[in-house]
1. Would you say A:Leu240 is surrounded by fewer than 18 Cβ atoms within 10 Å (Cβ to Cβ), touching a residue at least 60 places away in the same chain (Cβ under 8 Å) and closer than 20 Å to A:Gly293 by Cβ?
2. Only one of these is of a type in the set (A, V, I, L, M, F, W, C), within 12 Å of chain A (Cβ to nearest Cβ) and under 26 Å from B:Leu341 (Cα atoms): B:Ala201, B:Ala283. Name it.
3. Within region A:122-155, can you find the residues that are part of a helix (DSSP H, G or I) and of a type in the set (S, T, N, Q)?
4. Within region B:339-350, take every residue that is within 7 Å of chain A (Cβ to nearest Cβ) and more than 30 Å from the chain's Cα centre (by Cα) and give me the one that is surrounded by the most Cβ atoms within 10 Å (Cβ to Cβ).
5. Could you please give the count of residues in region A:61-75 that are assigned to a loop (DSSP other than H, G, I, E, B) and crowded, with 24+ Cβ neighbours inside 10 Å?
6. If you take the residues of region B:389-416 that are over 24 Å from A:Gly112 (Cα atoms) and either at the interface with chain A (Cβ under 8 Å from one of its Cβ atoms) or in contact with a Pro (Cβ under 6 Å, 6 or more places away or on another chain) (or both), which of them is surrounded by the most Cβ atoms within 10 Å (Cβ to Cβ)?
7. Given the residues B:Leu43, B:Leu34, B:Leu63, which is the only one that is under 25 Å from the mean Cα position of the chain (by Cα) and under 17 Å from B:Thr296 (Cα atoms)?
8. What number of residues within region B:335-358 satisfy the criterion of being basic (Lys, Arg), in contact (Cβ under 8 Å) with a residue 40 or more places away in the chain and touching a Lys or Arg at 6+ places or on another chain (Cβ under 8 Å)?
Amino acid sequence: MDGFPAGRARHSVQVMHQVLLALLPGIAALLWYFGAGVLIQILLAGAAALGSEALALRLRGLPVRAGLGDGSALLTGVLLGIALPPLAPWWLAVSGGAFAMLVVKHPFGGLGNNLFNPAMAAYAMLLVSFPDALSRWPAPLPLLPEDQPWPGLLAAGHAIFLPGAAAIDAVAMATPLAAFRDNRSLLVAQFYAADPLFAAGTFAAVGWETVNLGFLLGGIYLAVCRTIDWRTPVAMLTTLGLLAWLWNDGGSSASAGPPGLHLLSGATMLGAFFIATDPTTLAASSSGRLLCGILVGILIFAIRAWGGYPDGVAFAVLLMNLAVPLIDRGTIPQPPGTVRQQRSRSP
Amino acid sequence: MSARRRLRGGVQPPSHKAASVAGPIRDLPLPSLLILPLGDNHLLRAPGSWVGKGEPIADGSGLPVHASTSGFIRDIETRAIDADRHGPCVLLEPDGDDRWREPPRPLPIATLDRAQLLEAVRAAGIAGLGGGGFPTATKLAAPAIHTLVINAMECEAYVTADDALLREAAAEVVAGIGLAAHILASAPRVVIGIEDDKPEALAALRNALGGDDIELTVLPARYPAGAERLLIALLTGLEIPRDELPVAHGIVCLNVATVHALQRALGHGEPLLERIVTLSGGACREPANYRVPLGTPVADLLAASGYERERCASVLLGGGMMGRPLADLQTPVTRSTHCVLLLSAEEMRPTPPRTCIRCGWCADVCPVALLPQQLHRHALAEDLGALARHHLDQCLGCGACDHVCPSAIPLTRQFASAQAALAQLRADRQRADRDRDRFLAHQQRLARAAAERETRRGEAHPATPGSDLAALAMARAAGAGASREPLERTAAAAADRLRRLENQLAELDAGASAAQRNALQARIAQARIDHDAALRRLASGSTDAGATH
């Protein structure tokens, strides 16, 4: 065993805990606007991910306690729980958490070796398999009818565990990106005034903008602590904002959405700071990470503007993950003083 | 030229330096045995003979080895010379008098030319004392040097040997810098780089410099800014790759301890016999710097400082970042030993390594822009091609990545063995290429000879038979002559060897053991047999040749 007398900076367990801490502002905003269902989804997905991780570790003959202790499975579960609609039926979170661990993570070698981001791969699987359930988001708190209270633990639990009883289904509402997508004839300004979501919002849609700002806050904290590389989110958000500005078309009815809508709706900030920055599935070099961010930004905008889904963060990140080995090959930094060599294959 | 750049990456580990520079440099009692690595040299004095302090006892293609104190040469044995290497060592038993053969005298520097000065530096056994161990005379012999960089950085955790030296002997260091510049003879610009975490040393250096035309650059303390090439880049803006030497770019970089040794050698006539070693660590009762005679076993150094085996979890040879665990405490202090660390169990923190999560912090701190996480991955896969593509050979082994790795992976150790594997692969490939080339050349030679025989036969038949026979006889005679030559050489070499061994036996004085005498006599007997055999072969070769005529 080696001695490291100078001491170590931080441990990987601390890293995971720091990321979980940084998620709190966004989670709090989600809770406030969309009810206690958020918490239940996070707990369900987290428990499913932890349980599946334990099973996978046991099957692979690895130490279970140490494996669960690194916090990575919990983080995956929490990210999936955040991405799911707060009132989605329980088996979505449970099957998603299990899928993330048993199909996406461990068959590829477990921690540090998975090709795809487990939370996003699980979300994409659910979205493709159950598009209807995944698009059913409740109305944010300010838009609930007078007689509808904030969905507490009891009401949310009822909707999640007994999905047959449709007591809260009545207040389900299109997400901002889906609502904007359905706009065919109004100018952006007219649509913003007409749609209740945008009419009540400051920058974009009410509730969603706050949630995104919450994740932005946590993300900035992580970037300042150097836990994540700032290049990926900055590149992604810049690219997305720039493309949205270019295709905004001056706010005509053909607009793909103004930059504010794209930056502060859907899973943009969560994706930028917590999903795309997952180091395991991200390129290794600084330039590679910049490239990954740009790629995700382009893909998110393309899927939202011209694709078949209102939001595209999960698919964009998965496609980027797929490109990482190639990006890694092409972006090996040049050590100082050395000369770039012509494609020599022999060592 | 003076473009000052920031160090790329790097870390700021706790320095742990204060304890060992609190007091003055201490002297060590003479050990009972000195172990002097022989290197590529041969012994100048026979085992058993008495040598005076400062007397050369071995020389050859390496740097000369001097007796660090007066005493008797005991033997040559294979001993540990480093944390992970063994080699032949001269064992010197001090007589306790510490008596010079002849008292050291300053050299008449002004009257000596460059070649004489360089030979004096070599003869004094001076090599880089910062850890590199590169012969200083070789560096100073380089032509057209425009910049002399003096390294006073000492960025390694725990190590304060240079700091202590500057505090106590800054004037000698400055004199040494002047000598180095004088020997370079190209009036180079002189720049000293020193970190800002040793104000006392800096003040002493400033004081000693006075109005000298030497630049002093204070740099923020950041590990590993003191690595030779990184310091050169920081001070001159010139980036030198790992596979090229700074002298090829007109730069010589010398450590402060090295220029101090230069001044002792030329200004006082003392060869390099001792160096300053920092003894520190949490399990060290009295952290301090010691003036240690070269060849002192680490065990004696530990004994002098009150070493307690129970408290000490590990002994490291080297500083906190790059030091390596020392298995054999009889390993001697050499020119490149700047620190010995006694670590307590708490300091060791034996964290079991976890899986790499590719967080990339290692790439952020790597001073030469490598991607340690990718190197780690490819090293695990033993993919030497990918390792070469990721510039494994540029790794300095500084340990900055080890320091920040949240999964506690021993990265540099892994890279060192991967580097060895890569070097081995390249060497194997080169040898295979050379063997193939030789084989092809041999085949071509055979084909050519066969073709020549054919043509000669074709020409011979139409010509007169008499002349053909004569030509054949002449060719045979020439062939016999050619075959005689190697035989004569062998015989001459055997005779030479026999003579040398007999001389050795004659020189063997009374102090030699019976075993030594017997061994030498056995070798003489064997040499005589070889010699007779060679003579016989030579004689029979001549008779064969004679029979053909």
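1. On the way: surrounded by fewer than 18 Cβ atoms within 10 Å (Cβ to Cβ): no; touching a residue at least 60 places away in the same chain (Cβ under 8 Å): yes; closer than 20 Å to A:Gly293 by Cβ: yes.
Here the answer is no, as A:Leu240 does not meet what is asked.
2. Details: B:Ala201 fails: within 12 Å of chain A (Cβ to nearest Cβ).
Only one candidate qualifies: B:Ala283.
3. Step one: list which residues in region A:122-155 are part of a helix (DSSP H, G or I), which gives A:122-129, A:131-134, A:141-143, A:153-155.
Answer for region A:122-155, where residues must be part of a helix (DSSP H, G or I) and of a type in the set (S, T, N, Q): just A:Ser129.
4. B:Glu347
5. Matching residues across region A:61-75 total 0.
6. B:Cys398
7. B:Leu34
8. Here is the first cut: in region B:335-358, the residues basic (Lys, Arg) are B:335, B:349, B:354, B:358.
Now restrict to residues that are in contact (Cβ under 8 Å) with a residue 40 or more places away in the chain: B:335, B:354.
Add one more test, that the residue is touching a Lys or Arg at 6+ places or on another chain (Cβ under 8 Å), and what stays is B:335.
Summing the residues that are basic (Lys, Arg), in contact (Cβ under 8 Å) with a residue 40 or more places away in the chain and touching a Lys or Arg at 6+ places or on another chain (Cβ under 8 Å) in region B:335-358 gives 1.
The values are calculated or read from the model by the stated rules, or taken from the named source; none is laboratory data. All values derive from a computational prediction rather than experimental measurement. Counting neighbours? That spans all protein chains shown, and the Cβs are built from the backbone with ideal geometry, glycine included.
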